[in-house]
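The values are calculated or read from the model by the stated rules, or taken from the named source; none is laboratory data. The structure displayed is predicted, hence computed values, not measured ones. So basically every Cβ, Gly included, is an ideal-geometry build from the backbone, and we count neighbours across all protein chains shown. Protein only, heavy atoms only, side chains kept; ligands, DNA and RNA dropped before computing areas. Shrake-Rupley method; radii C 1.70, N 1.55, O 1.52, S 1.80 Å.
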Amino acid sequence: MQEDLPMPDFMALALEQAHAAAARKEVPVGAVLVNADGKVLAEAGNRTEELSDPTAHAEMLVIRAASKLMKSPRLSGCDLYVTLEPCAMCAAAISFARLRRVIFAAYDPKGGGVEHGPRFFSQSTCHHSPEVISGIEERRASELLKNFFEGKR
């Protein structure tokens, strides 16, 4: 893979989107979708509250935007950088989009669907399993989430 930016810089872009989501009073999760040449195709933060849409997770938003841009439901060769372990819904969308790689920051033992919960990509019914890299910028992403939820309590 040829990238203009190293992996942590793409995660830094995702973290910027997570901070923007927090500023909108959304759960601070951000995502960036990058093609095989290292070009950013889409960036987004959660917008479930703003859009009154339970599917408006950052991952879903970047997959939708990149699919529209590429005029294809398949995003083979693309990598997703996301600040939180994707849930089962997002993992299914990642599989259907045929993403090459998922790089996530913080683990989500309660709602995650990749390394926790249903472990979507490990199921025999999963048609495409991307490479998964976890824990990149975990501390920064975890602190952002912790601070956001402490403010809610």
inquiry  = Residues that are in a loop (DSSP other than H, G, I, E, B), without any contact (Cβ under 8 Å) to a residue 60 or more places away in the chain, charged (D, E, K, R) and closer than 24 Å to residue 16 by Cα: does region 140-149 have at least one?
reply    = no
task = Could you please find all residues in region 64-101 being touching a helix residue (DSSP H, G or I) at 6+ places or on another chain (Cβ under 7 Å) and touching a residue at least 60 places away in the same chain (Cβ under 8 Å)?
result = 81, 82, 83, 84
message = If I filter region 2-29 down to residues being in contact with a Lys or Arg (Cβ under 8 Å, 6 or more places away or on another chain) and open to solvent by 40 Å² or more (accessible area, probe 1.4 Å), which single residue comes out as modelled with the highest pLDDT?
response = 24
Verdict on residue 104 being without any contact (Cβ under 8 Å) to a residue 60 or more places away in the chain, closer than 17 Å to residue 57 by Cα and among the aromatic types (Phe, Trp, Tyr) = yes
remark   = By residue number, the members of region 133-142 that are open to solvent by 50 Å² or more (accessible area, probe 1.4 Å) and either closer than 21 Å to residue 75 by Cα or touching a helix residue (DSSP H, G or I) at 6+ places or on another chain (Cβ under 9 Å) (or both) are 137, 140
ask   = When the residues of region 101-132 are filtered to those that are among the charged types (D, E, K, R) and open to solvent by less than 70 Å² (accessible area, probe 1.4 Å), which remaining residue is nearest to residue 143 (Cα to Cα)?
value = 108
inquiry  = Of everything in region 62-83, what is open to solvent by less than 30 Å² (accessible area, probe 1.4 Å) and among the aliphatic types (A, V, I, L, M)? Give them in sequence order.
reply    = 62, 63, 66, 75, 80, 82
message = Looking at residue 90 and the list (1) open to solvent by 10 Å² or more (accessible area, probe 1.4 Å); (2) under 19 Å from residue 40 (Cβ atoms); (3) touching a His at 6+ places or on another chain (Cβ under 6 Å); (4) not β-branched (Val, Ile, Thr), which single condition is not satisfied?
response = (1)
inquiry  = Go through (1) open to solvent by less than 50 Å² (accessible area, probe 1.4 Å); (2) on the phi < 0 side of the Ramachandran plot for residue 50 and report which single condition fails.
reply    = (1)
remark   = Checked against (1) within 21 Å of residue 106 (Cα to Cα); (2) over 16 Å from the mean Cα position of the chain (by Cα); (3) of a type outside the set (Ser, Thr, Tyr), residue 50 satisfies every condition except (1)
ask   = Just one of the numbered conditions (1) of a type in the set (Gly, Ala, Ser); (2) out of contact with any helix residue (DSSP H, G or I) (no Cβ under 6 Å at 6 or more places or on another chain); (3) at negative phi is not true of residue 105; which one?
value = (2)
ask   = Can you name the residue in region 27-63 that is touching a helix residue (DSSP H, G or I) at 6+ places or on another chain (Cβ under 7 Å) and of a type in the set (D, E, K, R) and, of all such residues, is nearest to residue 99 (Cα to Cα)?
value = 59
